[in-house]
Amino acid sequence: MTTSTALLIADLVGVAVFAASGASAAVAKRLDLFGVAFVGFVAALGGGIFRGLVIGEMPPLAFADWRYATTAAITAGAIFWLHPQLARLRTTVLVLDAAGLALFTVTGTLKALDAHVPPVGACVVGMLSGIGGGLGRDLLTGEIPVVLRREIYAVAALAGAVVVAVLDRAGQAHSAPLLGAAVLIFGLRMVALRRRWTVPVATLRPPRTHDPGPGQR
Amino acid sequence: MTTSTALLIADLVGVAVFAASGASAAVAKRLDLFGVAFVGFVAALGGGIFRGLVIGEMPPLAFADWRYATTAAITAGAIFWLHPQLARLRTTVLVLDAAGLALFTVTGTLKALDAHVPPVGACVVGMLSGIGGGLGRDLLTGEIPVVLRREIYAVAALAGAVVVAVLDRAGQAHSAPLLGAAVLIFGLRMVALRRRWTVPVATLRPPRTHDPGPGQR
Amino acid sequence: MTTSTALLIADLVGVAVFAASGASAAVAKRLDLFGVAFVGFVAALGGGIFRGLVIGEMPPLAFADWRYATTAAITAGAIFWLHPQLARLRTTVLVLDAAGLALFTVTGTLKALDAHVPPVGACVVGMLSGIGGGLGRDLLTGEIPVVLRREIYAVAALAGAVVVAVLDRAGQAHSAPLLGAAVLIFGLRMVALRRRWTVPVATLRPPRTHDPGPGQR
């Protein structure tokens with residue numbers, strides 16, 4: 001299997017799982033068929049469209065290749081009709097989201113490197129490719145963006161993106177090691193969810209009473 | 001009249017009606033003169049800027065041609081000063097929004113096809129050109145995005161975009177048939193609003209203990 | 001000092017102050033370390049990424065030059081760890097935001113003019129470069145976007161952008177006059193904040209004659 005075929009398959013699987021995550025979130029919010037399709041679209045293609053614009057891919061693959069939009073639409077439609085069989089939508093969204101995060105971060109980082117974006121920038125572009133869809137989905141459905149919650153999310157994507165950049169530098173950006181990077185992201189995210197790992201929060205000390213705060217007291 | 005002149009006029013009319021819809025929504029939210037101008041801008045030019053970025057039009061027409069920004073600014077200013085004469089702002093927003101949706105979807109689909117975006121992608125780009133401005137306006141003014149409400153909106157745009165793509169394929173993308181496509185979108189949207197047509201919502205069945213299960217009725 | 005070196009320094013200072021504004025806002029919202037870094041990123045680089053996309057800078061400098069992302073990350077991290085020393089976060093955000101607004105508007109307008117965007121469009125692109133980061137920060141942290149509040153904000157940026165365009169047309173776009181344009185924006189914004197200058201609001205109803213007015217004691 002060529003690299004481009006492997007990338008296409010990984011991309012379409014990412015589109016499907018993110019479309020499913022967006023559609024499940026939209027069904028849970030009682031949106032109509034087109035709302036479900038639209039949120040599925042944004043979740044599935046938002047990160048990739050952003051990446052395409054940034055690396056000068058005009059038009060982005062989401063519009064240039066009909067398989068992307070079609071995969072997203074069919075998946076969102078399937079979720080709309082089949083969701084009563086899906087037992088717990090919220091858990092489903094979380095697992096699918098983690099899988100999409102892993103796949104899009106790896107393919108996004110690779111594509112940015114292929115487009116001659118320097119390594120630091122390519123890691124950021126890859127991370128944003130991964131988190132962009134979920135960010136759009138959460139903004140549209142009125143949820144607190146997952147990337148801003150106290151959970152391991154963007155940091156898992158960034159770790160995977162760094163691994164991809166290192167593999168690429170070492171000339172080892174083949175299917176098996178890249179799959180390993182994706183599994184790393186997915187694993188980090190799932191373990192963090194299950195064990196409730198969190199990122200530290202700044203200690204915001206309340207103003208002390210003897211603090212001469214101007215005009216406050 | 002050449003095709004490019006017709007496209008320019010249709011585009012500027014779309015800019016004016018969307019700027020008016022955005023400005024009316026901002027006036028209704030009690031925003032100041034610059035808030036009104038800004039929301040008018042985003043509503044008028046947001047969809048077109050997105051389309052321009054996607055099809056590699058750098059800079060997008062909204063920045064390259066001063067008539068776009070000027071039309072949006074003058075229209076928003078006019079709404080700001082004249083709005084007390086506008087009897088019912090909410091209805092005004094809805095009608096102007098439908099007109100802008102129709103015009104931008106048609107011109108957006110055409111421009112995407114001209115930029116060699118394949119038909120499926122061009123329909124999506126056209127639909128997003130149409131709904132982008134209203135989406136930005138609703139996000140800025142804190143309304144539920146119109147595209148996510150249980151109404152015929154994006155589906156009307158998509159139907160019109162498909163008609164444009166078919167006309168283009170048949171070599172019939174002339175002013176009169178394209179105007180027909182715009183009227184189709186506007187008509188679908190207005191009839192849907194008036195008759196309260198809605199898109200189906202997924203039946204989210206709560207887990208009832210006496211649920212007979214699938215196919216048992 | 002060459003123009004490009006001066007632009008780079010002005011840009012990186014803008015990145016730092018906007019990253020600090022975003023990080024301070026995120027700390028105030030009790031976000032975790034990555035949330036703080038992410039909001040700092042968006043505030044620091046959002047406006048510039050938008051400008052880069054619009055003027056066809058692929059990839060945008062924020063991704064092409066590692067110093068941008070690194071400056072944003074280090075600044076956000078510093079705010080995260082040092083913020084207890086920052087007495088009043090809210091005032092800090094406002095002052096840093098005004099400085100970033102001034103710097104990014106000037107550099108954004110210049111870059112758009114350099115990329116052959118016509119003057120009207122270049123002023124709009126420059127203004128959006130200036131207000132984009134703060135808009136993203138406010139949307140992410142759930143604040144009313146500063147550009148929509150009844151304050152002198154976008155209008156200060158626009159005034160400075162017009163000065164830059166006039167200077168450029170007159171062949172006087174050197175460091176000193178450009179610094180003057182930045183100081184103009186910063187000064188307008190700070191004076192407006194201190195004196196509670198506001199932009200007029202459309203009169204939906206007859207104005208209340210017994211309104212004491214803002215800030216009068």
_What are the equivalent ellipsoid semi-axes of the range B:3-195, built from the alpha-carbon gyration tensor (square roots of five times its eigenvalues), in whole angstrom, biggest first?_
26, 18, 14
*asked:* Placing the label point 7 Å from Cα along the Cα-to-Cβ direction, what are the distances from C:ARG195 to the equivalent spots in the other copies, shortest first, in nm to one decimal?
replied: 5.9, 5.9
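Do any of A:LYS29/C:LYS29; A:LYS29/B:LYS29; B:LYS111/C:LYS111; B:LYS29/C:LYS111; A:LYS111/C:LYS29 go past 30 Å between their Cα atoms, and which? Please list the in-between numbers first.
Working: A:LYS29/C:LYS29 25 Å; A:LYS29/B:LYS29 25 Å; B:LYS111/C:LYS111 27 Å; B:LYS29/C:LYS111 35 Å; A:LYS111/C:LYS29 35 Å.
Violating the 30 Å Cα-Cα cut-off are B:LYS29/C:LYS111; A:LYS111/C:LYS29.
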*asked:* 7 Å along Cα→Cβ for the label point: how many nanometres lie between B:PRO177 and each equivalent label in the other copies, listed shortest first?
replied: 5.4, 5.4
_Per-residue ³J(HN,Hα) for the range A:173-188, Karplus 6.51 cos²θ - 1.76 cosθ + 1.60, θ = phi - 60°, Hz, x for Gly and Pro_ = 7, 9, 4, 5, x, 5, 4, x, 4, 5, 5, 4, 4, 4, x, 4
*To one decimal in nm, how far is A:VAL95 from the same spot in the other copies, if labels go 7 Å from Cα toward Cβ? Please give the shortest first.*
5.2, 5.2
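Just add up the charged neighbours of C:VAL117: K/R +1, D/E -1, any other residue whose Cβ is under 14 Å from the Cβ of C:VAL117. Mind showing how you got there, number by number?
Details: positive: C:ARG51, C:LYS111, C:ARG169; negative: B:GLU57, B:ASP65, C:GLU57, C:ASP114, C:ASP168.
Summing Lys and Arg as +1 and Asp and Glu as -1 gives -2.
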*Phi-based couplings in Hz for the range C:111-120 (Karplus 6.51, -1.76, 1.60; Gly and Pro marked x)*: 5, 5, 4, 4, 8, 6, 6, x, x, 4
*Mind checking the dipole of the range C:3-195: about its Cα centre, +1 per Lys or Arg Cβ, -1 per Asp or Glu Cβ, Debye to the nearest 20?*
580
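Laboratory data are not the source of any read-out in this text; all were calculated from the coordinates shown. Given the structure is predicted, the values throughout are model-derived calculations rather than measurements. All Cβ positions, glycine included, derive from the backbone under ideal geometry; neighbour counts span all protein chains shown.
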